[in-house]
Amino acid sequence: MTDRSDLPPTRTTQPMDPPPPSDTPTVEMLKADIDSGRTGDKNSVYDPGLASLGADDEAAGTPASPFQVALARLSERTLRWSKGARPVGATHHKDEGFPVLFVSFIAAVAVVFAFGIWLVRGG
């Protein structure tokens, strides 16, 4: 068996706790809302990202204000669900129906190939 003691422990399998309420919320708190599953976007585990949320805004010299972050947190946590919306993403929807267009395209291609083979064989 291989000794894996040189690898750092990973947090990606441990559940995340939501951040505490704050009068001056940060972008990291918004990311923690998402990672903890409070927004309904994903499971409640740590999601390592290449660039942290808001890093591009900070690099451009326009970081989000605490008011903007508070508004985003409110919108993601409550306003999204106020009208009874279902979780977003195709993985949450099991009733998407039969892929009629895709199957029709495959059937049309099969018919074209069959007709072409029939013509080549001297049909």
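What to note about this one:
- Summarising the amide proton neighbourhood of residue 45: residues at separation of 5 or more, or on other chains, whose placed amide H is nearer than 5 Å comprise 16.
- Electrostatic bookkeeping for residue 42 treats Lys and Arg as +1 and Asp and Glu as -1; over the other residues with beta carbon under 13 Å from its beta carbon, the sum is -3.
- Taking the accessible area of the stretch 29-71, probe 1.4 Å, and keeping the other protein chains in place, the carbon and sulfur fraction comes to 58%.
- Estimated FRET transfer efficiency when R0 is 25 angstrom, pair residue 78-residue 56 (beta carbons, to 0.05): 0.45
- Euclidean distance of C-alpha centroids, the stretch 107-123 and the stretch 10-82, integer Å: 55
- Spacing of the two label points (7 Å from each Cα toward its C-beta) at residue 42 and residue 68, in nm: 2.2
- The largest accessible area among 38, 121 belongs to the first residue in 121, 38, and the rest follow in falling order (1.4 Å probe, all chains).
The values are calculated or read from the model by the stated rules, or taken from the named source; none is laboratory data. These numbers come from a predicted model, not from an experiment. Neighbour counts are summed over all protein chains in view; Cβ atoms, including those assigned to glycine, are modelled from backbone coordinates with ideal geometry. Side chains included, ligands, DNA and RNA excluded: accessible areas come from the protein's heavy atoms. Shrake-Rupley method; radii C 1.70, N 1.55, O 1.52, S 1.80 Å.
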